[in-house]
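Structure first, then comments.
Laboratory data are not the source of any read-out in this text; all were calculated from the coordinates shown. For clarity, every value in this text was computed on a predicted model and none was experimentally measured. Here the Cβ positions follow ideal geometry from the backbone for every residue, glycine too, while neighbour counts run over all protein chains shown.
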Amino acid sequence: MPDTDPGALIKAYLLDLYGGDPFADVYDACETHREQHGEECGVYPAEPVKMRTLATIVKGANARNVLEIGGGIGYSALWLADAIGRAGRLETIDRFLEHTRLIDGYAKRYDLAGRINAIHGEADEVLKRLSGPYDVIHDDGWFGEQPAYFERMVELLRPGGLLLLANFFLLEDAISGEPRQDWSRFAGPEWEAGVRAYAELLAADKRLHFSFIFRPAWVGLAYKRPDA
């Protein structure tokens with residue numbers, strides 16, 4: 001029976017309008033990989049329509065140096081690496097060595113190996129070693145509360161740069177009190193309070209001009225003020 005959910009129909013229409021997903025096989029591979037890897041894997045890539053939006057933002061910012069936290073198996077990295085052009089460089093961090101190896105493989109398949117550097121390690125440790133500055137930072141790693149690496153992440157973002165947070169659909173679940181699944185399995189029993197507190201911190205941070213792109217995308221978008 002065909003999917004009659006209005007949101008799904010709209011996303012399908014938009015994706016068709018855009019000419020499809022150039023990295024569809026990687027997106028499709030994520031579910032199989034997650035099932036094989038286990039619950040700790042955490043590979044839940046942003047949907048194609050959302051990644052198209054983020055890639056457009058990256059293009060519009062004329063970004064050349066991009067950092068991604070939470071690379072998964074490379075789906076979002078491919079979108080962003082494609083957006084920054086041949087002169088651009090993207091560093092993507094993931095805590096699983098298996099993931100960084102898969103990212104390297106997909107980068108070669110799509111002729112993007114020269115633009116993507118996959119780094120294995122925990123984000124809060126890896127960020128200490130990076131020098132930046134970055135035009136765009138895509139944080140797809142945090143989940144449910146302010147990440148331990150928040151201050152270092154803002155420090156690495158150049159003045160005038162953009163911070164993208166792809167997982168802020170959690171805020172809708174926290175506000176509505178009707179989570180689409182039990183997020184405590186991933187983010188602990190206090191996830192609702194944690195998500196709200198992080199949103200409030202971002203909105204109040206004087207270094208950032210922060211906004212939400214909400215429903216259905218739910219992306220956090222911050223501009224680092226030039227005088228920060």
Task: Rh (Kirkwood; distinct C-alpha pairs) - the range 6-224, Å - done: 17.6 Å
- [ ] Using a 10 angstrom cutoff on alpha carbons, build the Gaussian network for the chain and name the most mobile of 118, 107, 193.
- [x] 193
TODO: Taking only Cα atoms and a 10 Å spring cutoff, compute GNM fluctuations for the chain and point out the largest among 178, 68, 98.
DONE: 178
Open item on the list: With a cut-off of 8 Å between alpha carbons and a minimum separation of six or more residues, what is the relative contact order of the range 6-224 in percent?
Closed with: 16 percent
Task: Mean-position separation - Cα centroids, the range 1-64 and the range 86-102, in angstrom - done: 18 Å
Task: Total charge dipole magnitude, the range 98-224, about the Cα centre, Cβ charges on Lys, Arg, Asp, Glu only, Debye to nearest 20 - done: 540 debye
- [ ] Quick one: dipole size for the chain, taken about the Cα centre, charges +1 on Lys/Arg Cβ and -1 on Asp/Glu Cβ, in debye to the nearest 20.
- [x] 1120 debye
- [ ] Taking the Cβ of residue 206 as the centre, find all other residues whose Cβ is under 12 Å away and add up their charges (Lys, Arg: +1; Asp, Glu: -1).
- [x] +1
- [ ] Restricting to the range 90-228, compute how many DSSP beta bridges are antiparallel as a %, nearest 5.
- [x] 50 percent
